[in-house]
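Structure record follows, encoded as structure tokens.
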């Protein structure tokens, strides 16, 4: 039995929201915002741990989700990109991971349900954001010891299972394993997610989004777009796509490969162009939407959104363009 999300993505192009970090920068938050009362006496610095704001400034996260839905987004990502024990170890906050994911999902769920109630003919959804962590299972961080790994598959799978349990309990509609630079990490995330679903006796659609790291056209662990697709095709995916690292123009050729071969839906949420020398993104909403239109004219996309540097203004322009096109038709043959 198909979920409402699966029905909607077959009917129209769905719009994913934009960057969370870009929006949080607008608030100019200080150490006290990240600490709140709960972590007032935590012995380690917490500024920059954006996921912690789920517990200390939920009001801000709700404002951001609302802003993206107001702009035309259909899917909100939870503020959980780094909500694993592995990533939170940097802040010595491993023990709060379940609560981070649970509460982030609840905040996004409340926003989505509010806008669905306002316009029932345009339901809104929540995707649990599952980031790659700050460790890689395929590559050694020690140039003098190529066999060394900073993390094992089992450690990653356990961390992802813990994260997914919180996201499921918080009410997400899908799990978005995103910004994949190492396919082995993504496989661990899939395994962990499946274990969590077994424990909760539910089935939740899986979305995968990799990242092409540079002009080589490969992920950090060395795969081409087609190889990445094939290596992910063992899982029952709602969608596969690419995000981050590149702007829409640079990313399109790799999304094109997925669109030609994927037997599931295809997604993309590129950056707002390439960063300038100060690390800022200068591409306007109109410029980005014009580049996204090229994807739609070529019938490449089922789910479209924005990554680094994108704002509600970008999503509004993208949603306006996406509303004029039909979604990509899924190819019948399996990826070879």
For the range 77-95, state whether one or more residues are touching a helix residue (DSSP H, G or I) at 6+ places or on another chain (Cβ under 7 Å), surrounded by 17 or more Cβ atoms within 10 Å (Cβ to Cβ), farther than 30 Å from residue 152 by Cα and touching a residue at least 40 places away in the same chain (Cβ under 8 Å). no
Would you pick out the residues in the range 220-231 that are outside any helix (DSSP H, G or I) and within 13 Å of residue 258 (Cβ to Cβ)? 223, 224
Please verify whether residue 253 is at negative phi, in a helix (DSSP H, G or I) and more than 19 Å from the chain's Cα centre (by Cα), treating the condition exactly as stated. yes
Restricted to the range 186-217 and to residues being at pLDDT below 95 and either crowded, with 18+ Cβ neighbours inside 10 Å or out of contact with any helix residue (DSSP H, G or I) (no Cβ under 7 Å at 6 or more places or on another chain) (or both), the residue nearest to residue 172 (Cα to Cα) is 213
Go through the residues of the range 144-156 one by one and say whether even a single one is outside any helix (DSSP H, G or I), surrounded by fewer than 15 Cβ atoms within 10 Å (Cβ to Cβ) and in contact (Cβ under 8 Å) with a residue 24 or more places away in the chain. no
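Condition first: within 26 Å of residue 228 (Cα to Cα), assigned to a loop (DSSP other than H, G, I, E, B) and at pLDDT 95 or above. Now tell me which residues in the range 274-305 satisfy that.
Start the filter on the range 274-305 by keeping residues that are within 26 Å of residue 228 (Cα to Cα), which leaves 274-275, 288, 291-305.
Imposing the further condition that a residue be assigned to a loop (DSSP other than H, G, I, E, B) reduces the set to 274, 298-302, 305.
Selection gives 298, 299, 300, 301, 302, 305.
The values are calculated or read from the model by the stated rules, or taken from the named source; none is laboratory data. The structure presented is a predicted model; accordingly, all values stated were derived computationally and were not measured. All Cβ positions, even for glycine, are placed from backbone atoms using ideal geometry, and neighbour counts span all protein chains on display.
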